[in-house]
Structure formats: structure tokens, C-alpha cells
């Protein structure tokens, strides 16, 4: 197909043809074209199907407000559904296909819904599909779902990259039409840091699409001249292809820049960049959007907005028809007529419901006043229109103008309400703009060129002054104010046909009147009941029209009927762009332990623990399963010695004269009198009395403690302690610093741990008297490297933890392994650590899940009643210490061969597993190589007095139900002789 | 949102963590006779105003100071930002 | 007018000209037996059950704006009963059962669609917590399945299983969970309540309570005083503001929760999916939009809008677990004001003031609760005793230490 509809003029580069395909049809356009202008140039009228009735649809607009021309762009993993042809820059090799039809675009089986339309009126689905009950999910809904939706995703991972960035400016200008450009000039000259952004790839706004004169030169030349001037200014940043999509608090605006969408291949570059713009002031210069008039069958391909017809002729050099008629209720339609005629487009008639023509004569154009278009024909392309005066005209394009709606979207994002302006028949921004935001030009209701230029300049000058800049007397560009008169004529009545308001969602005037009749009269009810304005265009061309028809139906004025406000984004933004680079591996930061490199060399399996990667176990060649590895690590540790990296535990340094007093408030057990050189186990409550965290805290000096927290709570405990320090006890002499990342710490456990450590540690009396259980000290290791030594045990064995500055962590683990070689030292991972702590009955996050009390874990007596510590008061509430509460217990399978799983619930023998019979649950389990059976820790009602009882561990989701014996949680070495030895 | 930190100047709110009402500074005396009642009210009951609100934020990705921010919960406008430690002292939490 | 395929046929053939208003627009009377303050989902459901099941007469619902304008008008429409605590789970399972018969009960298609909810687990600990929860669900009479990777892969091949950061290890599936058409729920309840004689009065704002001898005997409104034997407040999102007029402070803070919807797409997501390692959940509406959300913005707000950090965080979560949504476009974002309670669970209770009742604190889970909340509140209003499934949802539970804290996050509303 050749470009039969191409005419002279416009801003496309005729020397640069571009090949593309639509529904596999080869076509040619020019550089500077959008997909829509190229399709029109090639005479492609039919481009899509509507949402509900699958009506044939053509291109309706020339901008991002497009409701009809949505296509599937590109192929494979790059497939991009619902792409507006009207804003898609043409590139060589572009492929587009139409969407939302079964069968071909020309013959859509789903268009049967159009014939059934009397039964598919507003909200019909709320009134049926109810019987039989089971049919909804099985039959009705799948049919509805598959026929709804528009385009499809490829279901493949998005291969493109998205970047994010931050920009700062004094003045952000959204829109580069006449008001935006004069504002940028004024602000730029005054020295403000200015960002001017436009969603289009060419700046200039409507000046590109209409012929005007500014300061004696053509509007398009004025744009080029102004851009050249702005480009010279180092304080002005110009962002084409950038949509300001949202206005957020405190002058923050969201912007999306399309970096490579106009290229065939993004290469290595990001597809889009999501900017967060921090502005001191912002000017919305977003212009206005034209709207249609509702008349019978006003949705056919070839029926377009008049401004779009003008834009295609003026900017792109495309005639949208061979015989064009114009239907307008305002003067802008007449300017369209003049401009089309000047470009040689055949305009057959202009139809205007007003009685008096604004002009006396347009050459070759019939001026039909006091009339309207009352019906149209042509199934897949417009062929004829019928007028209210009985005339019919054969036309292939009807340009409609129902007036212009100021683009107030960004003024509403903080729930500002626009107000009705009867003169321009549109909503203009109200008085409740976001702080620091201003509006100029058509977006503010200044509908003519001269006024827009003036208001842009004036507003920017005011802003500059307000920000303390001196404004030199830069001259404001001058242009004539064209006529702008409008009659509020919304729809053509007196017919039984459907007249469309929302083209994409197929909302007609009948739906509005039915909605009114059924009581859905508030704007929000109307919108929700009819789906008016809920499509991908968010009602940019339809909301005001719908509101006006509703106002008429209820006999109220438009302002009495309500306003529609807009939510972000201004136009839809790819989810990938919001996600940015924080996906896959970079979703969260990855934290590595100091021994990670060494553990990797040992072939360790790693597991995610929060953001940490920790060694889970260290497989050896004879290990057949992961259990073999874990069992071996546990046995070796319990019989000889093992080593484990515990650097992930939170570490907080606490210093100051009042450090002990401070800790005494933080921990529920007494801490004031811990001697120097000793470690104490501490239980930390939340202020609501629930167990929060536990760990050991060592007193290295009179005014210096080192606290350890669990891995998971390291950040939170530190934050809470800072809260206590700054807000609750602001005058205690105490300082906190998190040192989790500063120290590498290893647990060395097992009967031979002392012997191994003695080889590494310099000059410390390691005897049981010299360095007893719960001792701590500053030490040096390996001939002078500073470190810390703690005699604490999580495994229940004779054990130590040794810490060195993190840069020595890798060296230390290698030294420990070397020193332990004669004892066949085994490294162990988190699994073996877990097995040993369960055998010993130590609780971790699986038990301290934020729901249990000290009473539940049998540590009630650790809460001192002699002092006021965090959480102590609320820990004593009646239900939290009631006799029938759950208590921590150990469990062992009755059958040695049975295995246990966490999450099983306790149910008495012979009882049904119901909520009423639920007596508790199992929180942690393991296979214990020591007991040679599965064991676990759990919570059982009155569990502390039920040791020896046999009860069921019912695990319905895994389909098991076994008998377990309730035992004390302290299963391994309950007297603690080993760790003290 | 942007929080104008009294020591560091304007910072993106994303650097901060929000805790809640300023009244959390006024922790009751746990050894008092009616401590149970007072702690219940302190911990659980809130004015929750629609309008001006004094609240605690923590500069988590910053200098780790706790701040009292005076903000409008209807408009998100921020009127004042103070160091919580200064506020705590002024509210009588000194030793 | 009874709704059916036949009524649509009949109306369609006669030009859809004689559809009747779905509810009357009565003027408020001087007094009622029951006044329900708040014409949202819960208030309208309360009116429906009170009139239909408990035989309540002379009932009015007062709504300050248009009915359904609260959180039932802006939510992500998820229905589920997958809780672990006995203070919650039986209540939500009751709700799911009511959902299952809702269309027939109301003669209104609220499009309850039981396409399931899948909670993904990314660690052994998370899988075990889901097992505990799944078992609690089964014990309450609900359905629950613990899925392994293979089963999840069959259901959702588009997920990123070997996500480089947090691989999928297991999932908890409730097949009877799903979504419903949120606005239609409000309209269906309103229509049914209206048919049972309830006066639904829009644009009627309660400005105060009429008190006599320490008891509540009615309300003041912008349309004059109205007397009531029992006044039932049901205004989640505005609870603190309304109850302040009765001199009450509540264990509630108001927070903003954002939600997002994409452009319409052909069927993409089978049911509801939640990402266990990030703040992201998603479903697809019948119309084709991907409906998704994440965490609270985190600061107290009544502004019904949020800020960018959460938008970006939620989408990053989505891109990590299902990177095939990258080229779908986010169409609309909005924020709702949540009654965030101090333990993440709601209240259906008498207040300390005679004649005044309170329903609120639904956090971001109020939608699924709509039927059970209405039923249990109606039970309380009619009998003055709590329904057994809502017996722990009391205002004094913090005094007694009986928190219903599913997350274990403690008395910090923005963490629930």
C-alpha cells in the first residue's frame, strides 16, 4: 500500500522513509511520523476493536488521550500490549498488530456482542450469571475473562533494563507548548534551574499541530528559535519523551523518560528512566484535550477529533480523508476547516449547532448552521453522515469538536478539585493545588495563543521573584488571540441508536440514562456502574461529556452533579520502570559473612537468612544426603570440636558511665551488677510485654558492654535502644553503635574447643578457673591481632566465641581450621547449629515469633519485679500469665522411625482436629543424631506440667498424624555440666 | 515527602522510619501503683488526629537520630522538625 | 425488581427503559430503633443481616457521602480465610462461607470468584509458619494445601522460581479464596437492605452523638438530629474522628495503603499470588486489569494518597517474582485510609457508653470480612452478646492482654 493520503508540508522528513508492518502488512512512513500518522497516510482506517461490543474502530486522536488505536507493539519477549499508536514514534522495522478480536481484525467473531447489546447494558453482569451457583467459576467467568482484557503479555521475562534517577530544580515545567516555552524562557533568563519536560518527542505542543504567528514568524519557527535559546542556557534542562506522571508531596514529581522506545533495539541502554524530580516550584503547562459530541453511531473509523485531523495535516502531512466534514460546537472547529482548506484537504461541510457562523465564507465549504450530525453509516469505515436538517453527506472523515477540557490532571493528584468554568465549558484548576504548583496556558483555561504566551511568562516571572531571583525585563512573545466561543452542546437527542461517550469501554448515552434511572447518580457511582472513564485513557476525552449527559438527565447543572478528579499516573507507566534495577539478584542487597570466600572454597551450601547468605552445611564426598552432612557436623562437634561463623548476629557496642543502668532498663533481668569480665544472658521484651529478642551481653570494662542480638532483629533492637536512649532516658551517659559489620565472630564448640583455641590465642589462662563459663575478655590472637573472647555456648558444649576485626575474619577461620586439624575440627552450618540448639532447648526466632511471652517460654522468672524495665508492666496482664496458656515443651516421636515437621498442631488422642481441640503447635524440629530420633520444640497448653504425656502431632497439610511424647525443652545435658566443664 | 532534619537539612523521607505518636516519649513510671492502667493507655490508645500531628521518625539511613515531626495528616505538610532528645528533655524526661 | 437473565431479556427488548432505582432515597425519620453510622460495605452488610436474619425493624444507614465510598470502594478485593489465630480464623472462615452464598442471598452478582490464593514461601522457616497456618485453617473447617515447587510450577509457570535472591521453596494455597467485585458488594447489600425496609440515607453526615445520662440516644447530623435506641458506628478509616465525638480514644491509627491497577490484559494471573520475600501481592480482575499492592506507606495519614517509595518498592517486588509483568503498564494508583489497630485485628463490640456500639479497626483486611462483620455486628446489635466467632474482637483485649496479633509485630500499627 502506498501513502495515498500523504499531502505536502508537515514536520516529517520525506528523505527518510521508514518500513514497518501492521498486521503483517508492509507499509512505509517517514521519520517524524507516529505509527498512527503513518497508518493514516497508508489509508489504514480500521485499527482495532472496542472493549465490550467489539465495534470496528479507527484512530480517534493525535495524542496520549487515544481511546481506540491501541496495538500490540513488537514481538516475543519485547511484546508490548495496549500501546497507543498515536504516541508511538515510528522506527524502522516496527511491527504492530491489532488486538482484542477473535478471527481477523476485519472479521471479529466477538462482534456478535454488538448485536446483543440491548442485553448488555450498564451493569448487566450484576443481574445475572447467578444460577446455577457452580457455573460462575466454571463457565460464566472464564468466558467473561477471556473476552475481556485488551492485549496480551508475552508471559516471558521482560528483557529490557530500566533505570532510575533523581533531579533537582527550582522550577519544573510540565509541557512545552506556548505557555511552557515562554515560562522556560522567562525562568531561564532569570537564572532559575529549570527542567522542562514534554511527553512528545518534538517540543512545541499544539504549535506543531496548528498554524500560528508569533512575533511575526510562524509558530513552528518560533518554537525552533526558542528551543535554540533554551539549549544555550546551562541552567535549563530539556527533557523530551518525558511524561510527568504524578505530583507527590513536597514538590516531588514523578517523570518517565522513554530512552530507547523509539529505537528498533535498545541495545545495552535502558529502555526507560524513571526520574524523581525534587522541585521548589512547578508549572503545569499541559494544555487542553479536545472532546467529542455524542450522536448516533459516532464511533466509526474515520470519525475523529477535529484537532487531531488538523494535527495530522499540519504536523505530519497526512489527510485523514478524501472528503472531510467538520461537526463542531465551537470556533476551534472553524480554524481546523480553514487550515485544512489551506493545505488542500477537501472539506465538504462544516456543521455547527449554533445559529450564527463565526465566519461569513470558507472557500468550497458548505456552512450548515443550527444543525447537527444525527447518524452515520459505514461498518468498517465511515461512508456517510445524516444531518438533523435531513441532508446526508458522503464523507470518509468526520472531524468532531465538542470543546476542549483543560488538562488539570496533575493539579488533582493531591486530591485538589477543579471547578467548572461556564465560558470555556470545562473544568479549570481549583484553589487547592499542591503546594508550590502553578498552572498556566490552556491547562489553566487560557484557551487562546496570546493568552497562553502571556500567562506562561507572567507565572514564571512571579515564581522567579518569589524564589528571590531578579527578573530582567525579558519580553513576552506576542500573538493574536484567535476566536474561542463555544456552545454547550453535548449530545444529539431524538434517536434510539447508541451514541458513544467512552469509546474504549463502550459507554453510551443510554448507559448514562439507565445509570441515572437505577439511582447511580453521584459521579463516582456513575463511573463505577457504567465503567465510564475507567479504560486505559482514564476518560481523558469522555469524562466531561459523561458528566454533562448525567447532569442533563438529573436536571442539575454540571457543578451540582460533581467533578471528576484524576489519580496518578497521567498516562500509564510500565511496571518494569517502577521496579528499576531492583529485581532478580538486586531485589535486596546481599550480605556475605567474613568467612564466605573460605566457605565457598569448602563447597558449602548457602541459605538466605534475611539479606545474609549463610553456610547451611558443608557437604563431604561421602555424604549421600544433606542429612548425612548435618548429622556428621553435629556428631563431630559434640565429640570433638566444630566451628561456625556467627558474625551475622547483631553486635552493639554500649559505652558510657551509665551503660549498666541503661542496660538494666533495656533487659528484663538484672544487669546493673554484671562484673567486668563476665557475660550475662539477657531477655529483652517489647514494651507490650512480649518477648522480643535474647542474647548475651559482655562487660568488657566498667563503662563498656558488647551486646549480641539475633540476626533477624539486629537492626530493630538497635533502633529501639536508640529510642530508649534519646527519647526515654535522654540524660543517661550512654552511647550506642552498631558493630555488626565490624567484627568477624566464630563459635568454637565441643570438648576440644579449649585445646584448639589455646593454640591461637595469645597469653590467656584458658583453664576453667582462669576463664570460666560466661567469662569474656579483650585478647589478642595469632601474635598480636586484637580480638575478643567470650565463653558462651549455644550448642550446650564447652564453647567459645572469638571475635576479630572483620578484615581478619578470613584469616582467622583458616587459622582455626589449621589449629584444629589434629582434632579433626569440622566446620558446621546453620542446620547443625539448629539441631544443637533444639537438643539443648534454646529458643530462636521460630519460637520468639513476636506472639509469645516470657511466661510461654518458661522464662517468667527472668522478669525482675524489683525494677522498671521495658515491657515489665504489660508482661503481667491477666491473660498473658493465665494458667491455661501455652508453654514451651520438648517433643520426641514415640516411634523412633517417625519424622516430625514444624507447623503440626497438638491434638489429644481421640479428638477431632478442630479449632476447639487445638492445644498448640510444633515450632522447630530436627533429626537429633544424639537421641537418634526426631525431636522438636513446641508450645502446648499448660505444657510445663504435662511432661511424659503422649499426644498427637497432627499435620493435616502434610497428611501426617503421629504420636509424640511431651518432654522438657532442655533435652540435651539439662544440668549444663558440659558447657561449664 | 521531604523531612528537614534539624542537623542535616532536607532529606527524603525514604531515609527515615516512622514510629508513631510523640506521646510515646511519655513512658509512665513502671513502679507506680496504677502502672498497669497507665501503660495500657500509653501503649494502646491514640488521639489519631486528622490534622496537625506530632510524631516520631528515626533517621535509619542517616545519623540515627530520633526526630519529632509536626505534620498535617490531611495534607502531609510539615511544619516543624525537632530532635526528639530535645523534646524529651523539655517534656521532663531528664534524670 | 428481581434480577435474572429473564429480567435482562425483558428490559433489553423494551429498550432498557423501565429499570427501577436500586435503592430508595428516603428522607431521614425523626427516630429509628437502629442507626448504623456509615454506608460502607460493613454498614450495609450489617443493615442487611440485621433486617433479614435478626428481624430488626426501623433501621437507618447514614452515609456522609455516597454509599460504598469508603474502603469498599477502593481495595484489592481479596477474599480469604488463611489466618492462624483462633481469635481470627473461625471468623474469616465464616465470612468465606457467607461469600460463597452471597449472590443467591442478595440476588445480586458480586462476582465472587474462587480462583484461590497462593502465598509463596522462600525459606524453611516461612514454609513451616505456613504449615502451622494451613493446619489452623483446616482445623477451622477451611481448606488449605501446602504446595511444593513442582505443584506451584504447574499452576504458575510464569513465576521466577530460581529468583537469584529468594528462590521459591513452597506455597500455601487456599482454593476457596478469591476475589469479588468490590462496588457490587456494597450495591448488593444496599439493594437487599433497602428491600427489607432499611432507610439508606446518603449525604447525611453524623456530626455528633446525642447523650442523655451517659447514654447515647441518637445522633446529630447535617440534616438534623435523629433519635435511635441503638447507634452502631461502622466507619473504618474515620473511626477515631467519629468516636472522638463520643469522647472515646481508640486503639487505632489511620494509615494509608496504596493499591495499583494495570491496563486491561488477556488472562495472565490465575488467582491471588503473594510474594513472601517482598511486599507484593497480585490478582487479575475479570475486566483484565492486574490489581496489586504491597505495604502501608508507613506514616499516619488521612490523605487517601500515598508516595513514590512504596510504589517503586511494590513494583520491584513484582518484577522479582514475576518479571513477565514488566511491560504491562500501571494505569492507576490510589490510596485508602486504613483503621490500623494496635494488634492488626478488628473490633466488634459494645462501647463503655450505653446504646453506642463500635465496629472498626479492620486494618487492610476489611473487604473479605464484610459478610461476617455485618453478620456478627447485627448479632451483637440484636442480642447484645457477641457472636461466638467474634468473641475475641473486643475493645478491652489490650487491658486483659489478649492480643490477636497475627504478625507478631506488637503495638505498632504501621507494622501490621
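So if I check each of A:431, A:426, A:416, which one is surrounded by fewer than 23 Cβ atoms within 10 Å (Cβ to Cβ) and either assigned by TED's automatic domain parsing to the domain that holds residue A:60 or touching a residue at least 40 places away in the same chain (Cβ under 8 Å) (or both)? Just one listed residue meets the conditions, A:416. Could we say that residue C:126 is part of a helix (DSSP H, G or I), surrounded by fewer than 22 Cβ atoms within 10 Å (Cβ to Cβ) and either facing chain A (nearest Cβ under 9 Å) or touching a strand residue (DSSP E or B) at 6+ places or on another chain (Cβ under 7 Å) (or both) here? Taking the combined requirement at face value, the residue does not satisfy it. In the set (1) buried (at least 20 other Cβ atoms within 10 Å of the Cβ); (2) more than 8 Å from chain A (Cβ to nearest Cβ), residue B:39 fails one condition alone, (2). Summed over segment A:252-271, the residues that are away from chain C (no Cβ under 14 Å) and in a loop (DSSP other than H, G, I, E, B) give a count of 8. Just one of the listed residues (A:536, A:493) is farther than 30 Å from residue A:220 by Cβ and more than 39 Å from the chain's Cα centre (by Cα), namely A:493. Among the residues of segment A:128-153, those that are surrounded by 20 or more Cβ atoms within 10 Å (Cβ to Cβ) and touching a residue at least 40 places away in the same chain (Cβ under 8 Å) comprise A:148, A:149, A:150, A:151, A:153.
Could you list, in sequence order, the residues of segment C:311-356 that are assigned to a strand (DSSP E or B) and within 19 Å of the chain's Cα centre (by Cα)? Residues satisfying the conditions are C:333, C:334, C:335, C:336, C:337, C:338, C:339, C:340, C:341, C:347, C:348, C:349. Looking only at segment A:500-516, decide whether some residue is more than 9 Å from every other protein chain (Cβ to nearest Cβ), closer than 13 Å to residue A:564 by Cβ and crowded, with 24+ Cβ neighbours inside 10 Å. Among the residues of segment A:500-516, at least one is more than 9 Å from every other protein chain (Cβ to nearest Cβ), closer than 13 Å to residue A:564 by Cβ and crowded, with 24+ Cβ neighbours inside 10 Å, which makes the answer yes. On the stretch given as segment C:367-416, residues that are away from chain A (no Cβ under 14 Å), touching a strand residue (DSSP E or B) at 6+ places or on another chain (Cβ under 7 Å) and farther than 23 Å from residue C:137 by Cβ total 4. Name the single residue, out of those in segment C:137-193 being in contact with a strand residue (DSSP E or B) (Cβ under 8 Å, 6 or more places away or on another chain) and at the interface with another protein chain (Cβ under 7 Å from one of its Cβ atoms), that is farthest from residue C:23 (Cα to Cα). Out of the qualifying residues, it is C:165. Exactly one residue among C:21, C:28 is outside any helix (DSSP H, G or I) and either more than 14 Å from chain A (Cβ to nearest Cβ) or surrounded by fewer than 14 Cβ atoms within 10 Å (Cβ to Cβ) (or both), and that residue is C:28. Inside segment A:365-382, residues that are free of Cβ contacts under 8 Å to residues at least 24 places away in the same chain, touching a strand residue (DSSP E or B) at 6+ places or on another chain (Cβ under 7 Å) and part of a loop (DSSP other than H, G, I, E, B) make up a count of 1.
Okay, residues lined up against (1) farther than 30 Å from residue C:11 by Cα; (2) within 11 Å of another protein chain (Cβ to nearest Cβ):
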position	(1), (2)
A:41	yes, no
A:64	yes, no
A:70	yes, yes
A:90	yes, no
A:127	no, yes
A:136	no, yes
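Restricted to segment A:667-739, the set of strands (runs of 3 or more DSSP E) holding at least 3 residues that are closer than 16 Å to residue A:794 by Cβ and more than 14 Å from every other protein chain (Cβ to nearest Cβ) comprises A:678-685, A:691-701, A:704-709. Return the total of residues in segment A:865-880 being crowded, with 17+ Cβ neighbours inside 10 Å and more than 7 Å from every other protein chain (Cβ to nearest Cβ). Residues flagged as crowded, with 17+ Cβ neighbours inside 10 Å and more than 7 Å from every other protein chain (Cβ to nearest Cβ) within segment A:865-880 amount to 6. From the list C:210, C:202, the one residue that fits, being surrounded by fewer than 23 Cβ atoms within 10 Å (Cβ to Cβ) and within 26 Å of residue A:521 (Cβ to Cβ), is C:202. Out of the residues in segment C:95-123 meeting the condition of being facing chain A (nearest Cβ under 8 Å) and at positive phi, tell me which one is surrounded by the most Cβ atoms within 10 Å (Cβ to Cβ). So, considering only residues that are facing chain A (nearest Cβ under 8 Å) and at positive phi, the one surrounded by the most Cβ atoms within 10 Å (Cβ to Cβ) is C:111.
The set of residues from segment C:31-59 being more than 14 Å from chain A (Cβ to nearest Cβ) and part of a loop (DSSP other than H, G, I, E, B) comprises C:38, C:53, C:54, C:55, C:56, C:57, C:58. Counting the residues of segment B:50-95 that are facing chain C (nearest Cβ under 9 Å), touching a helix residue (DSSP H, G or I) at 6+ places or on another chain (Cβ under 8 Å) and part of a loop (DSSP other than H, G, I, E, B) gives 2.
Screening residue A:732 with (1) surrounded by fewer than 21 Cβ atoms within 10 Å (Cβ to Cβ); (2) on the phi > 0 side of the Ramachandran plot gives one miss only, at (2). Listed here are the strands (runs of 3 or more DSSP E) enclosed by segment C:208-292 that have at least 3 residues being farther than 30 Å from residue C:56 by Cα, touching a residue at least 24 places away in the same chain (Cβ under 8 Å) and over 26 Å from the mean Cα position of the chain (by Cα), and there are none.
Given the condition within 11 Å of chain C (Cβ to nearest Cβ), crowded, with 18+ Cβ neighbours inside 10 Å, modelled with pLDDT of 90 or more and under 29 Å from residue A:49 (Cβ atoms), answer yes or no: does some residue in segment A:194-214 qualify? Scanning segment A:194-214 turns up no residue that is within 11 Å of chain C (Cβ to nearest Cβ), crowded, with 18+ Cβ neighbours inside 10 Å, modelled with pLDDT of 90 or more and under 29 Å from residue A:49 (Cβ atoms).
Would you confirm whether any residue within segment A:589-607 is in contact (Cβ under 8 Å) with a residue 40 or more places away in the chain, crowded, with 24+ Cβ neighbours inside 10 Å, within 34 Å of the chain's Cα centre (by Cα) and outside any loop (DSSP other than H, G, I, E, B)? No: zero hits. Scanning segment A:319-335 for residues that are touching a strand residue (DSSP E or B) at 6+ places or on another chain (Cβ under 6 Å) and outside any loop (DSSP other than H, G, I, E, B) yields a total of 8. Would you say residue A:819 is on the phi < 0 side of the Ramachandran plot, touching a residue at least 12 places away in the same chain (Cβ under 8 Å) and out of contact with any strand residue (DSSP E or B) (no Cβ under 9 Å at 6 or more places or on another chain)? Spelling it out, residue A:819 is indeed on the phi < 0 side of the Ramachandran plot, touching a residue at least 12 places away in the same chain (Cβ under 8 Å) and out of contact with any strand residue (DSSP E or B) (no Cβ under 9 Å at 6 or more places or on another chain).
The values are calculated or read from the model by the stated rules, or taken from the named source; none is laboratory data. As the structure is a computational prediction, the values presented were derived from the model and not from experiment. Ideal geometry is used to build each Cβ from the backbone, glycine not excepted, and the neighbour counts take in all protein chains shown.
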